[in-house]
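Novice: Take this structure, written in structure tokens, and hold onto it; I'll ask about it next.
Read-outs throughout are calculated quantities, based only on the coordinates presented, and are distinct from any laboratory measurement. Quick caveat, the model's predicted, so the values are computed rather than measured. Here the Cβ is made from the backbone with ideal geometry for all residues, glycine too, and neighbour counts use every protein chain on show.
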Amino acid sequence: MLDGPVLDRLARTLTPDARITVMTGAGVSAASGVPTFRGSTGLWRNFRAEDLATPEAFARNPRTVWEWYDWRRQLIARCVPNRAHEILASWSRRFPAFTLITQNVDGLHERAGTDPVLRMHGSIWDVSCWNGCAASPPRWRDDTVPFTALPPTCAHCGGPLRPGVVWFGEPLDPEVVDACLDATRCDVFFTSGTSAVVYPAAGLVAHARRHGATTVEVNPEGTPASGEVDLVIAQPAELVLPVVDAQLPR
Ligand code: BJW
């Protein structure tokens, strides 16, 4: 819980020269109105991951998959960053050795002003040619909301475009994974808003621990990471991070 001793301990750890890494998941965007995946109100209550978030599902029915992504793009376009995104953006400016890793595809960290962001699962605002045609770039940003026809098509080969996200069974960008692993060599590692069940993201906290980091979980619910970390703060990120931030010297 977030009592005086916990705050003092955190404030002592978050020194100006500390190497700080924060990994976020869907829960950090929940207060902005972006649905999480798991839990009682999560997307997977009403939609099956196998039908929507795998390359096999897309190959079977690109229109159905795109209807889901087009709906989520419309929803996210109406959302704005919350206090958690804002505090993390301010930490990215404040601490010279700060790294933000996110599993989120919504772009809210970027909109809050964090730069760079290590996006493990891509971006819902990127698209690429499903056929991988030679004439199109590997991926590009397309903010169209909503698309007039689904699936949207490649201007070069006419094949379907796909969302620029990482589906189950797909490899993550190896450069991003390497950068995330490097960032686990840190003094403080926060994991927040993630159910800590999807790999390789869920494995990063163990790496940080092995490298001697103080590990902190900020999540109102327990997760498989809760037993692994040094400190569990069982409250919402948008409430905890402003309180921690207020302890830092001005
Ligand atoms: C709050 C809050 C508040 C609420 N404040 N908190 C068996 C063992 C180990 C691994 C595997 C296995 N079988 C298969 C695998 C691999 C698989 C995997 O991990 N599966 C597990 C589920 C078992 N992983 C993969 O397939 C990955 N790829 C891979 O491994 O490649 C290997 C490979 C190599 C070479 C060739 C080929 C392959 C890819 C994973 C991709 C995940 N994709 C998704 C969809 C992205 C696109 C989209 O958005 O549509 O990513 S799935 C979904 O889950 C999404 C999320 O990023 C990800 C994680 O979810 P997250 O962020 O943790 O959200 P939730 O909803 O789960 O949790 C929210 C949390 O917030 C809760 O805990 C709440 O309590 C909390 N919360 N409000 C703070 N206010």
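Novice: Using a cut-off of 11 Å between beta-carbons, work out the net charge of the residues near Leu100 (Lys and Arg +1, Asp and Glu -1, Leu100 not included). Could the numbers behind the result be given before it?
Specialist: Values: positive: Arg119; negative: Glu110, Asp115.
The answer is -1.
Novice: Specify the angular offset, from 0 to 90 degrees and rounded to the nearest 10, of the alpha carbon long axis of helix 237-247 from the longest principal axis of the alpha carbons in the chain.
Specialist: Here the helix axis deviates by roughly 40 degrees.
Novice: What list of ³J(HN,Hα) couplings, whole Hz, do you get for segment 60-72 from phi and the Karplus terms 6.51, -1.76, 1.60, once you set θ to phi - 60° and write x for glycine and proline?
Specialist: 6, 8, x, 5, 4, 4, 5, 4, 5, 5, 5, 4, 5
Novice: If amide hydrogens are placed 1.01 Å from N in the peptide plane, which non-local residues have theirs closer than 5 Å to the one on Thr153?
Specialist: So Thr153 has HN proximity to Leu161.
Novice: Say each of Thr13 and Ser40 gets a label point 7 Å from the Cα, pointing the same way as Cα to Cβ; how far apart are those two points in nm?
Specialist: 3.0
Novice: What's the FRET efficiency of Val145 with Ala49 using the Cβ-Cβ distance as r and R₀ = 22 Å, to the nearest 0.05? Please report the intermediate quantities before stating the final value.
Specialist: Values: r = 23 Å, r/R0 = 1.06.
Plugging the Cβ-Cβ distance into 1/(1 + (r/R0)^6) gives 0.40.
Novice: I would also like to ask the following. If I stretch the segment between Val197 and Ala134 completely, what's the gain in nm (0.36 nm per residue apart, minus their alpha carbon distance), one decimal? Before the final figure, lay out each step's value.
Specialist: Numbers: separation 63, 0.36 × 63 = 22.68 nm, distance 3.57 nm.
Here the answer is 19.1 nm.
Novice: Kindly provide the helix-only [θ] at 222 nm of the chain, computed as the sum of -39,500 (n - 2.57) over DSSP H runs of four or more divided by all residues, to the nearest 500 deg cm²/dmol?
Specialist: Working: 9 runs with 81 residues, N = 250.
Using -39500 (n - 2.57) per qualifying helix, the result is -9000 deg cm²/dmol.
Novice: Also, quick follow-up: Which order results if Asp143, Asp173 are arranged by neighbouring Cβ count within 10 Å, fewest first? All intermediate terms of the calculation are to be shown ahead of the outcome.
Specialist: Values: Asp143 8, Asp173 15.
Ranking Asp143, Asp173 by Cβ neighbours within 10 Å, fewest first, gives Asp143, Asp173.
Novice: By how many degrees, 0 to 90 and rounded to 10, does the Cα axis of helix 4-13 deviate from the longest principal axis of the chain?
Specialist: 70
Novice: For segment 181-243, state what percent of all Cα-Cα pairs lands in each successive 5 Å bin, counting from 0 Å until the bin that includes the largest distance.
Specialist: Calculated P(r), rounded to whole percents: 4, 20, 31, 24, 16, 4, 0.
Novice: Along the Cα-to-C-beta direction of Ala179, a point sits 7 Å from the Cα; which residues of segment 95-130 have their amide N less than 14 Å from that point?
Specialist: 98-104, 110, 114-123
Novice: Considering the Cα trace of segment 127-173, what is its radius of gyration and what is Dmax, both in angstroms?
Specialist: For segment 127-173, the Cα-based Rg and Dmax read 11.0, 30 Å.
Novice: If you don't mind, there's one more thing I want to ask. Could you calculate the FRET efficiency of Glu170 with Asp3 from 1/(1 + (r/R0)^6), where r is the beta carbon distance between them and R0 is 35 Å, rounded to 0.05? Working shown, then result.
Specialist: Working: r = 42 Å, r/R0 = 1.21.
Working from the Cβ atoms, E equals 0.25.
Novice: On to the next question. Give the separation of the Cα centroids, segment 135-206 to segment 35-81, in Å.
Specialist: 14
Novice: With a 10 Å Cβ neighbour count serving as the proxy for reagent exposure, in which order, fewest first, do Tyr199, Tyr69 appear?
Specialist: Fewest-to-most Cβ neighbours within 10 Å comes out as Tyr199, Tyr69.
Novice: Through the Karplus equation 6.51 cos²θ - 1.76 cosθ + 1.60, θ set to phi - 60°, convert the phi angles of segment 152-163 into ³J(HN,Hα) values in whole Hz; use x for Gly and Pro.
Specialist: With the stated coefficients, segment 152-163 comes to x, 10, 6, 5, 8, 10, x, x, x, 7, 10, x Hz.
Novice: Still on this structure: Under the rule that a partner needs its Cβ under 4.7 Å from the first Cβ, which Cys of the chain have none?
Specialist: Cys79, Cys180, Cys186
Novice: Here is a further query. Treating the Cα atoms of the chain as identical point scatterers in vacuum, please give the log10 of the normalised Debye intensity I(q)/I(0) at q = 0.08, 0.09, 0.14 Å⁻¹, two decimals.
Specialist: Taken in order of the listed q values, log10 I(q)/I(0) reads -0.32, -0.40, -0.93.
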